[in-house]
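Scroll down for the structure; my scribbles are underneath it.
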Amino acid sequence: MSHSPLLNLPGPSRDLLDDIDGAIGQARNSSRITIPNSSSSFRRITTTVLLQVDAAFCIGTSANGVGDYGTHAGPLNVSARHRGGLRGSGPRSGVDAAVSASMDVDHGTVQPLEKLFGDAISPPVVPIFINAIAAPLGPLRRCRALGTAVGNYLATLDKRVW
């Protein structure tokens, strides 16, 4: 889901906000569809991360919302069960990813969780950061390889994944 700090600030017209809320409502409803043989849900979200070390890719084993633009400040529900499997996905695909035991995420991560799921802490997540803001940028082929590796791991689970 796209995100904008403007959604939580005064400024956009009511008509525009109503259109956005309608589209978010459709996405929220699609996340509630039941899939046969799916015992629970597991959500992966690509994050906007406030990095203290530059990395092309980073997987969070713990994450905290920074609370910018009126979003949740504090720990997110990082899935301990699946973060290890995802952590191993990169090296198996030939893509190295940094690992953060204390990832700070901003509204780019937290706002979609709040809008789609009602709050930022209910759904279990494993934050995966793909650097698109400063060197070193990962080449597209490595981004795709990491995505394929993560997808292959997630396909082994009996979970609904977003």
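Observations, loosely collected:
- With K and R counted +1 and D and E -1, the other residues having a Cβ less than 12 Å from that of Gly74 yield a net charge of -2.
- Scoring 105-112, 146-153, 60-67 by mean Cβ neighbours within 10 Å over their residues and listing the highest first yields 105-112, 60-67, 146-153.
- Of the peptides 131-139, 116-124, the ranking by mean beta-carbon count within 10 Å, highest at the top, reads 116-124, 131-139.
- Approximate spin-label separation Asn77-Arg14, in nm, with each point projected 7 Å along Cα-to-Cβ: 3.5 nm
Only the coordinates and a few stated rules stand behind these numbers; no lab work does. Predicted model only: the values in this text are computed from it and were never measured. FYI the Cβ positions are ideal-geometry reconstructions off the backbone, even for glycines, and counts take in every protein chain you see.
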